[in-house]
Amino acid sequence: MKISKAVITTAGPDQRSLPLQTIVDQAGAERSVLQLLLAEAAGAGINDICLVIAPGDEARYRAAAGDFARQLHFAIQSEPLGYGHALACAREFTGSEPFLHLVSDHLYVSYDQAGCADQLVRLAAAEQCAVSAVKATREGLLPYYGTLGGRPVAGRHGLYRSDRVLEKPTPTVAEQLLLVPGLRAGHY
């Protein structure tokens, strides 16, 4: 599986301005959050990138992209109806090709020499399937996140096969349907 495209979702009303903010990167240089996200994708060998944006936001995102602006594509999400809808808005860009999905309200920090996106792209190529990076979440935070259930893949530390994904389940539903062997009770 060769991933050569990325989609960054940015149109949600609570996250639209986050990628436009300026922060100081690890080298001490001021960069927009969007530039960090674009550099993360580029570090995985991906330079064909589509931003899913709200109507009227293209100029602001081009300005925040800096040197990456020339290689960007844009898809408009007229109203924020969730990640699935946002990704469907980018369908013309992705076609039937596999792609990397980054969300614009996260910074991706790797404890490995390779970036998070690069690790995902390499894992997808090795496993020849779609992969997602997820983090165990405490039960009290379930109302804020999509949550999955699954089981560990034998012989592959940290790799799980997901069986079910639910958007913002209640703790009762998570306990009934989303248990993952090896996680502490109350973590999903």
List pairs: first residue in region 93-116 and outside the structural domain of residue 145 (by TED's automatic domain parsing), second residue of a type in the set (D, E, K, R) and outside any strand (DSSP E or B) anywhere in the structure, Cβ distance under 7 angstrom, at least six positions apart or on different chains. 102/40; 108/40; 115/40; 116/40
Test: residue 69 is free of Cβ contacts under 8 Å to residues at least 24 places away in the same chain and surrounded by 14 or more Cβ atoms within 10 Å (Cβ to Cβ): yes
Mind checking which helices (runs of 4 or more DSSP H) fall wholly inside region 90-188 and carry at least 3 residues that are farther than 29 Å from residue 79 by Cβ? 116-127, 171-177
Has region 159-176 got at least one residue that is surrounded by 15 or more Cβ atoms within 10 Å (Cβ to Cβ), in contact with a strand residue (DSSP E or B) (Cβ under 8 Å, 6 or more places away or on another chain) and over 21 Å from residue 103 (Cα atoms)? yes
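Please pick out the residue among 70, 16, 62 that is assigned by TED's automatic domain parsing to the domain that holds residue 104, assigned to a loop (DSSP other than H, G, I, E, B) and closer than 24 Å to residue 88 by Cα.
16 is the lone residue from the list that is assigned by TED's automatic domain parsing to the domain that holds residue 104, assigned to a loop (DSSP other than H, G, I, E, B) and closer than 24 Å to residue 88 by Cα.
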Within region 107-130, residues within 29 Å of residue 21 (Cα to Cα) and either within 13 Å of the chain's Cα centre (by Cα) or surrounded by 11 or more Cβ atoms within 10 Å (Cβ to Cβ) (or both) come out as 107, 108, 109, 110, 114, 115, 116, 117, 118, 119, 120, 121
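The values are calculated or read from the model by the stated rules, or taken from the named source; none is laboratory data. All values derive from a computational prediction rather than experimental measurement. Positions of Cβ are backbone-derived with ideal geometry, glycine not excepted, and every protein chain shown enters the neighbour counts.
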